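Nothing in this text is a laboratory measurement; each read-out follows from the coordinates by a stated rule. Here the structure is a predicted model, which means the values were calculated and not measured. Neighbour counts run over all protein chains shown; Cβ positions are idealised from the backbone, glycine included.
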Amino acid sequence: MMTMVMTVPPAHHHPTPLYNKRIAFTTPLTYARRLGHLLQLHGSNPLWCPTIVVEPTPRTKTSIKPYLQNPLLNSFSAIAFTSRTGISAFSESLSETETSPLSETGDTFTISALGKDAELIDQGFISKLCKNPDRIRVLIPPISTPEGMAASLGTGSGRRILCPSPLVIDLDEPPVIPDFLRVLTSKGWVPVKVPVYETRWAGPTCGTALMEEEVLDAIVFTSTGEVEGLLKSLRELGFDWGMMRKRWPGLVVATHGPVTASGAESLGVGVDVVSSRFGSFDGVVDALAARWGEFSDVQK
């Protein structure tokens with residue numbers, strides 16, 4: 001288990017509201033370094049306690065392989081990536097193909113991704129997908145949610161859209177992807193869901209490091225699966241969420257956006273702070289800073 005240690009800001013910097021706060025986060029490895037680094041930059045003392053594992057597997061690579069061949073991919077008009085891991089897994093499988101699967105000629109082909117995830121749709125990715133980059137349109141919705149993506153994609157008019165998604169194991173599938181597919185269908189798209197990576201529970205002891213803490217100021221969740229994974233581990237360890245609240249009565253629960261907040265609430269975990277800017281993790285870190293800054297001002 002990796003524990004991220006505190007980085008103390010230089011003496012000439014005014015301490016931020018996060019300074020010396022012990023902040024746990026349950027993010028899988030894919031996002032952990034980015035979020036942990038941001039927390040450190042704000043002077044906090046982060047604790048990484050992953051409750052889910054997210055990664056491509058031989059099973060998911062087999063699932064996506066047929067879609068990375070011509071002519072099958074040419075029967076689609078778009079790809080909708082709803083996670084960074086989905087892009088990475090798709091790209092990894094794409095790099096194993098001998099030829100670009102998308103024809104150089106044809107109608108505009110749209111690739112959509114959320115927020116900072118879109119940085120992975122670079123020229124290298126596009127060139128592997130299609131030898132004619134002018135055929136590709138990269139769409140980044142202004143609202144970084146699957147619903148925001150569906151709105152930006154517009155009317156499908158019967159066109160097919162490939163939706164790389166997780167295969168969820170030992171956890172309940174959150175409603176995010178099924179809801180996204182329903183919205184796409186209502187807008188005239190024909191979505192095809194294909195698993196490109198697995199999301200699975202990190203196991204019964206994944207919450208151990210968290211429960212060994214004497215002081216905990218906040219916990220950050222970036223997906224509903226992380227919340228469920230933690231609750232399952234707590235039960236295995238003989239705890240529950242109510243006991244956590246009693247152990248750390250001042251604990252602030254923060255979520256990366258309203259989708260995760262809604263999922264957490266549905267599982268009985270009350271949320272104190274919700275990022276309103278969820279295109280990147282800066283939003284949830286700034287929201288925590290604003291929360292503690294406001295309380296500090298009140299106490300002065």
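Miscellaneous remarks
- Gain on full stretching of the segment that runs from VAL190 to ASN74 - 0.36 nm per residue minus C-alpha separation: 40.3 nm
- The shape of the stretch 147-238 can be summarised by an equivalent ellipsoid whose semi-axes, obtained from the alpha carbon gyration tensor, come to 36, 14, 9 Å from longest to shortest.
- Cα pair count fraction exceeding 23 Å, expressed as % - the stretch 17-101: 43
- For the chain, the Cβ-based charge dipole about the Cα centre amounts to some 380 debye (Lys, Arg positive; Asp, Glu negative; other atoms uncharged).
- Size descriptor for the stretch 128-198, Kirkwood hydrodynamic radius: 13.5 Å (Cα pairs only, one decimal).
- Considering only TRP189, LEU216, ILE177, the residue lying farthest towards the positive end of the dipole of the chain is TRP189, judged by Cα position with unit charges set on Cβ.
- Cβ-to-Cβ counts within 10 Å put TRP248, TRP189 in ascending order as TRP248, TRP189, the fewest first.
- Measuring between alpha carbons in the structure, the pairs from LYS187/LYS232; LYS61/LYS187; LYS21/LYS246; LYS61/LYS131; LYS61/LYS116; LYS65/LYS232 lying more than 26 angstrom apart are LYS187/LYS232; LYS61/LYS187; LYS65/LYS232.
- P(r) tail fraction, the chain - alpha-carbon pairs more than 32 Å apart, %: 31
- Listed residues GLN69, GLN123, GLN40, most fluctuating in the chain (Gaussian network, C-alpha, under 10 Å): GLN123
- Nearest-0.05 FRET efficiency for ASP134 and GLU236, computed from C-beta distance (R0 35 Å): 0.05
- Under-5 Å amide H pairs with VAL194, H placed in peptide plane, nonlocal only: CYS163, SER165
- Rounded to 10°, Cα long-axis angle of helix 29-41 versus longest principal axis of the chain: 50
- Counting only GluC sites (Glu not before Pro) that DSSP places in a loop and that have at most 11 other Cβ atoms within 10 Å, the longest clean stretch of the chain runs over 105-211.
- Along the stretch 137-148 the Karplus relation, 6.51 cos²θ - 1.76 cosθ + 1.60 evaluated at θ = phi - 60°, assigns HN-Hα couplings of 10, 9, 10, 10, x, x, 9, 7, 9, x, 5, x Hz to successive residues, with x for each Gly and Pro.
- Helical mean residue ellipticity (222 nm; -39500 (n - 2.57) per DSSP H run of 4+; nearest 500) of the chain: -10500 deg cm²/dmol
- Based on Cα contacts under 8 Å between residues 6+ apart, the chain shows a relative contact order of 20 percent.
- Dimensionless Rg/Rh of the stretch 55-201 - Kirkwood Rh, Rg from C-alpha atoms: 0.93
- Gaussian network model of the chain, springs between alpha carbon atoms under 10 Å - residue of GLY106, GLY148, GLY263 with greatest fluctuation: GLY106
- Residue order, fewest to most surrounding Cβ atoms within 10 angstrom, among MET243, MET149, MET211: MET243, MET211, MET149
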